[in-house]
1. Return the pair list, or none, for Cβ contacts closer than 7 Å from residues in the stretch 68-84 that are over 18 Å from Glu53 (Cα atoms) to residues that are buried (at least 17 other Cβ atoms within 10 Å of the Cβ), at least 6 apart or on different chains.
2. With the requirement that a residue be open to solvent by 40 Å² or more (accessible area, probe 1.4 Å), part of a loop (DSSP other than H, G, I, E, B) and farther than 22 Å from Val84 by Cα, what does the stretch 16-42 give you?
3. Considering each of Glu86, Glu53 in turn, give the residue that is in a helix (DSSP H, G or I), out of contact with any helix residue (DSSP H, G or I) (no Cβ under 7 Å at 6 or more places or on another chain), open to solvent by 90 Å² or more (accessible area, probe 1.4 Å) and of a type in the set (D, E, K, R).
4. Do you know which residues across the stretch 1-15 are open to solvent by less than 40 Å² (accessible area, probe 1.4 Å) and free of Cβ contacts under 8 Å to residues at least 60 places away in the same chain?
Amino acid sequence: MTLSFDVVKTVYRQAIDPRASDREPSVWWDAVALEMREVVLAGTDREAAAVIEWWHNDWASVSDTPVAAARRIRHTARQMMSRVRERT
């Protein structure tokens, strides 16, 4: 599954942080895009979580876990790609 840059931004906003804006530096969005693509392509949710577990120093402080975040990312990406396939 290949995610376009716009899809990456949408998935990130829906699954992780709705406040992430286009005003973030492009280098930041590039890094996010690389990791988001790795998360989506990972074989399991746990493997996907290993990619992003560094995102927060303390996932518990935001009542989240890397595995839960990875599941949201993967689920959102699959939904979006499914919608794109339905339109074509």
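The values are calculated or read from the model by the stated rules, or taken from the named source; none is laboratory data. What you are looking at is a predicted structure, and each value in this text was computed from that prediction instead of being measured. Cβ: placed from backbone, ideal geometry, glycine included. Neighbour counts: every protein chain shown. Areas reflect the complete protein model, heavy atoms only, side chains present, ligands, DNA and RNA absent. Shrake-Rupley method; radii C 1.70, N 1.55, O 1.52, S 1.80 Å.
1. From residues that are over 18 Å from Glu53 (Cα atoms), the pairs are Thr76/Val11; Thr76/Ala15; Ala77/Leu3; Ala77/Val11; Ala77/Val40; Met80/Val7; Met80/Val11.
2. Arg19, Asp22, Arg23, Glu24, Pro25
3. Glu86
4. Matches in the stretch 1-15: Val8, Lys9.
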